Amino acid sequence: MLFINYTAFYREKCIEIFKSNLPIFFDQQELPLFENFLDHHTHENYYLIKEGEQILACGGIFIDEIKGEASLAWGMVHAQHHKKGIGKLLTQYRLEIMKNCYPNKTYVLETSQHTAAFYEKNGFHTIAIVQDGFGKGIDKYMMEIKNK
């Protein structure tokens, strides 16, 4: 497996990964938000995991200088490749970049009840929950790691 930087060439592959995770991990109404993110916020800090010619996963980092936060952004593994350790690799890769490039920021993410326990194993803790925050039946878990 190889980590590569995202380019617009891989846009449709990332959308395919997103759609493979509907409706459990994402709500259909989030697709335009993801597409906007791909089109306008991936000039740096968005990565893909590639094996051969297949794109298995994508995920990035978003920096909010005003809040002093570095966020894991739009991380996902194609549903055909769940439970193979790819999500863990993607998360650890991004956390390592955050530790090296943004050591004094609070690390945050928003995820669902379906993946909150996974992120807890990676050092995050839940600070708030919004029922149906991402869509009907998909609660929003706001999580963080404080580094200060």
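Please treat every number below as a calculation from the coordinates, not as lab data. Just so it is clear, the model here is predicted, and its values are computed rather than measured. Reconstructed Cβ throughout: ideal geometry from the backbone, glycine too, with neighbour counts over all protein chains shown.
Per-residue answers, yes or no, for (1) closer than 27 Å to E51 by Cβ; (2) without any contact (Cβ under 8 Å) to a residue 40 or more places away in the chain; (3) touching a strand residue (DSSP E or B) at 6+ places or on another chain (Cβ under 8 Å):
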{"residue": "G85", "(1), (2), (3)": "yes, yes, no"}
{"residue": "K88", "(1), (2), (3)": "yes, yes, no"}
{"residue": "Y93", "(1), (2), (3)": "yes, no, yes"}
{"residue": "I97", "(1), (2), (3)": "yes, no, yes"}
{"residue": "N100", "(1), (2), (3)": "yes, yes, no"}
{"residue": "T106", "(1), (2), (3)": "no, no, yes"}
{"residue": "E110", "(1), (2), (3)": "no, yes, yes"}
{"residue": "A117", "(1), (2), (3)": "yes, yes, no"}
{"residue": "I129", "(1), (2), (3)": "no, yes, yes"}
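Just so you know, in the range 88-113 the residues that are charged (D, E, K, R) and closer than 23 Å to L2 by Cα include one that is surrounded by the most Cβ atoms within 10 Å (Cβ to Cβ), and it is R94. Count of the range 126-148 residues, restricted to those that are touching a helix residue (DSSP H, G or I) at 6+ places or on another chain (Cβ under 9 Å) and either over 19 Å from E30 (Cβ atoms) or among the basic types (K, R) (or both), is 3. The listed residues are A116, A70, and the only one of them that is more than 19 Å from E30 (Cβ to Cβ), buried (at least 17 other Cβ atoms within 10 Å of the Cβ) and either under 17 Å from the mean Cα position of the chain (by Cα) or among the hydrophobic types (A, V, I, L, M, F, W, C) (or both) turns out to be A70. Taken over the range 16-57, the criterion of being more than 24 Å from Q113 (Cβ to Cβ) and among the β-branched types (V, I, T) is satisfied by T42, I49, I55. Selection of first residues in the range 16-38 that are free of Cβ contacts under 8 Å to residues at least 60 places away in the same chain and of second residues that are part of a loop (DSSP other than H, G, I, E, B), restricted to Cβ pairs under 7 Å at least 6 apart or on distinct chains, gives the following pairs, ordered by first then second residue: F18/F26.
For beta carbons closer than 8 Å, sequence separation of 6+ or different chains, a first residue in the range 40-52 that is over 18 Å from A79 (Cβ atoms) and a second that is among the charged types (D, E, K, R), the qualifying pairs are Y47/R94.
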